[in-house]
Amino acid sequence: MWLKREIRRRLGRLLTRQRRLVLAKEPPHLESRFADLDSLGLYLHVPVCRQICPYCPYSRQLFAPDLAQRYAGAVIREIDLYADLVGGRPVTSFYIGGGTPTTMLHHGLDRMLEHIFARFNMRCDIHMESHPNDLTPENLRIISSLGVRHLSIGVEALQDRHLKALHRPYTVAQVKEAVGRAVGVGFDCVNVDAIFALPDQTLSEVDELGRSFVKLGVDQVAAYPLFEFPYTRWKEIARHNGYKAFGALAKRRMLAVLESIFYDAGFRRTSVWAFTRHGVPKYCSVTVPLYLGLGAAGGTYLKDIFYLNSFDVPAYVAALDRGRLPIALSLQLSEQMQMAGWLYWRLYETRFRKNDFCRRFGRDFDEVYGRYIRALALLGLVRQNEDEVVCTDGGAYWLHWIEDLFSIDYVSRLWGICSRDPWPEGVALEV
Ligand SMILES: C[S@@+](CC[C@H](N)C(=O)[O-])C[C@H]1O[C@@H](n2cnc3c(N)ncnc32)[C@H](O)[C@@H]1O
Ligand code: SF4
């Protein structure tokens with residue numbers, strides 16, 4: 001514990017040159033921020049689900065039809081408030097996440113999408129998350145007709161005992177049928193999300209999970225180890241049932257089992273946790289360089305500023321009813337922090353071009369980070385040449401383990417506060 005804290009403190013201060021990150025309550029000035037952009041990504045958060053899973057850290061609440069319609073109306077007002085700021089700048093990626101976007105399929109999702117396509121210069125298809133129970137043949141037809149070309153499905157596990165432990169409302173046979181139907185639609189990419197390192201999970205169960213996905217014909221698998229977020233109910237359930245958490249080495253062994261299955265099947269690594277079939281565009285959620293986030297708990301990142309909307313759906317709707325942007329907290333980012341953030345996400349993707357750094361910051365990558373990358377190369381965690389840095393399989397895992405020393409802690413604290421308070425009085429995160 002002490003060692004982890006010390007690594008985090010030293011590395012955090014070295015990379016960000018800050019002692020604390022202060023998220024302020026005052027809304028930021030936005031005009032100049034958008035004026036600077038050539039293009040941007042778009043994120044839409046759908047914060048409703050038909051059930052609340054006990055391990056899930058995301059901002060979401062139970063679905064109710066009238067709330068969903070009021071939410072769609074508020075998102076439409078938020079789009080209108082941004083339309084002039086964004087102007088004709090091309091939107092080059094669009095991701096709908098949650099919560100569960102497919103919960104609103106018949107309750108306002110189409111209205112929000114129509115408005116987005118009417119008010120922004122959309123130059124991309126849609127990437128969207130879905131719940132397996134929503135993937136009936138009729139719903140899949142509607143999803144496809146809305147312009148979704150990249151579909152992600154929250155499968156989570158392929159053994160009934162693990163689905164039960166996670167409180168997922170379907171059986172292995174049902175979820176396999178849903179995935180099979182989605183694969184048959186002809187999307188550009190069908191991604192499945194799974195969780196490993198589940199209570200008492202064996203290596204042979206992980207092996208069966210990986211092989212089943214390959215057999216089902218999916219294009220991408222994102223397999224995350226079970227993260228225990230302190231503000232979820234999972235800790236309590238684990239204590240009650242005597243579940244033991246796996247250590248970092250055991251999780252690494254499980255991920256190695258998946259790596260060998262997916263590489264043998266002709267997949268490539270596209271992030272620490274994701275493997276994508278060769279020739280298929282990757283389904284991508286979190287790593288877009290600059291983006292505008294719409295909806296409750298939507299986060300926006302525009303070069304030197306990151307800001308978060310209120311997590312509370314009624315508060316979000318009420319702010320927009322009064323014609324106000326629903327921004328709850330914002331964080332100004334120094335150049336050092338922007339560069340550290342860039343490196344964080346590029347290591348998460350496990351490969352990057354040094355030239356992209358130069359294009360983004362006007363600085364030579366090797367001058368800024370060359371000595372750290374050389375040290376990582378000596379440890380066998382990355383390989384590099386003149387232009388490219390690529391994480392080894394071990395490097396992808398262990399570098400992300402180090403990144404998690406920061407992200408899990410910051411996200412837990414920030415998300416915990418924002419889930420309790422619609423308009424927090426600022427948040428200070430010690431580095
Ligand atoms: C927004 S959910 C997926 C869509 C939909 N809401 C569903 O549950 O089917 C995103 C994914 O994050 C992953 N996830 C959620 N909580 C997690 C946790 N505590 N540890 C690891 N992965 C988690 C799951 O794989 C989940 O499918
Ligand atoms: S895992 Fe999916 S369905 Fe479950 S609460 Fe989280 S977002 Fe909702």
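Data for the structure
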quantity	calculated
Search result, residues across region 94-107 that are surrounded by fewer than 24 Cβ atoms within 10 Å (Cβ to Cβ) and more than 12 Å from ligand 2 (Cβ to nearest atom)	Leu105, His106, His107
Leading residue by the ranking (surrounded by the most Cβ atoms within 10 Å (Cβ to Cβ)) among those in region 384-412 that are among the hydroxyl-bearing types (Ser, Thr, Tyr) and under 28 Å from Asn355 (Cβ atoms)	Tyr397
Among (1) closer than 27 Å to Ala248 by Cα; (2) touching a Lys or Arg at 6+ places or on another chain (Cβ under 9 Å); (3) surrounded by 15 or more Cβ atoms within 10 Å (Cβ to Cβ), the one test that Asn133 misses	(1)
Only one of Arg324, Arg374 that is farther than 30 Å from Gly395 by Cα and exposed (fewer than 15 other Cβ atoms within 10 Å of the Cβ)	Arg324
The lone exception for Arg149 - which of (1) in a helix (DSSP H, G or I); (2) surrounded by fewer than 20 Cβ atoms within 10 Å (Cβ to Cβ) it fails	(1)
Top-ranked residue of region 125-179 - restricted to ones that are in contact with a Pro (Cβ under 6 Å, 6 or more places away or on another chain) and aliphatic (A, V, I, L, M), ranked as farthest from ligand 1 (Cβ to nearest atom)	Ala165
Residues (in contact (Cβ under 8 Å) with a residue 40 or more places away in the chain, more than 24 Å from the chain's Cα centre (by Cα) and assigned to a helix (DSSP H, G or I)) located in region 65-114	Pro65, Leu67, Arg70, Gly73, Arg77, Leu81, Leu85
Some residue of region 191-214 being closer than 24 Å to Gly416 by Cβ, surrounded by 15 or more Cβ atoms within 10 Å (Cβ to Cβ) and under 17 Å from the mean Cα position of the chain (by Cα)	yes
Residue ID - farthest from ligand 1 (Cβ to nearest atom), chosen from residues in region 21-55 that are outside any helix (DSSP H, G or I) and among the hydroxyl-bearing types (Ser, Thr, Tyr)	Ser39
Lone qualifier among Tyr71, Tyr95, Tyr82, Tyr58 - being more than 9 Å from ligand 1 (Cβ to nearest atom), farther than 30 Å from Asp38 by Cβ and aromatic (Phe, Trp, Tyr)	Tyr71
Filter pass, Leu381 being modelled with pLDDT of 95 or more and closer than 30 Å to Leu258 by Cα	yes
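The values are calculated or read from the model by the stated rules, or taken from the named source; none is laboratory data. The shown structure was predicted, so the numbers you read here are calculated from the model rather than taken from an experiment. Glycine also receives a Cβ, built like all others from the backbone with ideal geometry; neighbour counts cover every protein chain displayed.
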